[in-house]
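The values are calculated or read from the model by the stated rules, or taken from the named source; none is laboratory data. None of the values given here were measured: they were computed from a predicted structure. Backbone-built Cβ (ideal geometry, glycine too); neighbour counts: all protein chains shown. The area values use the complete protein model at the heavy-atom level, side chains included, leaving out ligands, DNA and RNA. Shrake-Rupley method; radii C 1.70, N 1.55, O 1.52, S 1.80 Å.
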Amino acid sequence: MGWVDYDRWEEILGSLSRHKMRTALTALGVFWGLFMLVLLMAASSGLENGVEYEFRDDAINSLWIRPGRTTKPWKGLPEGRQLFFSNTEFSRIAALPGVEHATARYYLSGDQTVTYGDKVLSFPVRAVHPGHQYLENTIMVEGRYLNDQDVEGVRKVAVIGERFKDELFGDENDVIGKELQIGSTMYTIVGLYT
């Protein structure tokens, strides 16, 4: 007779009242288990959101390759050699079937001195290929991104971020076409991104 079976409910309530300690510990165990389940689910959700936030500007189908050190000797060369990539390797990877965009990053060592007029600031600077715009989901605010003609012509052009613009140029609005000095080389600003 389902839920209306009074004898069964009377037996359950009688057992619970006779074994108060066991009832309390069981209830505590169930409560603790549910609490830990909710806590772990919240922690995993927070971790997932944090990782997604950190990679928010990366393409979801990108592959990163970094040079390192060898772990085994090869053809008479010792183990522990530092490996470096060249433009030849980059061109081979970019030409592989299925590769839509490719970029390499070259970080100038340490922060670089950037000069505009009488302002001198220190910023991290990196050189990239045009495909970087798509792999990092770079959103252009003004101007253009680097292109293949810039790379082929070894043009001294720069795309700067909004924070960089605010710190170096202050309230100036139109920075496209302006020149700034990075280290000892002059560059023309062709784009502003966020």
Given (1) over 30 Å from residue 140 (Cα atoms); (2) open to solvent by less than 90 Å² (accessible area, probe 1.4 Å), number of the condition residue 34 does not satisfy:
(2)
Do we find that residue 90 is farther than 17 Å from residue 192 by Cα and at pLDDT below 90 in this structure?
yes
Counting only residues that are part of a strand (DSSP E or B) and open to solvent by 30 Å² or more (accessible area, probe 1.4 Å), region 160-173 contains a total of 0
Can residue 134 be described as closer than 29 Å to residue 91 by Cβ and aromatic (Phe, Trp, Tyr)?
yes
Tell me which strands (runs of 3 or more DSSP E) are completely within region 99-145 and hold 2 or more residues being in contact (Cβ under 8 Å) with a residue 40 or more places away in the chain and more than 20 Å from residue 185 (Cβ to Cβ), or say none if there are none.
140-143
Candidates 85, 90, filtered to the one that is of a type in the set (Phe, Trp, Tyr) and open to solvent by less than 50 Å² (accessible area, probe 1.4 Å):
90
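Within region 1-31, how many residues turn out to be charged (D, E, K, R) and open to solvent by less than 100 Å² (accessible area, probe 1.4 Å)?
1
Is it the case that residue 109 is of a type outside the set (Val, Ile, Thr) and within 26 Å of residue 62 (Cβ to Cβ)?
yes
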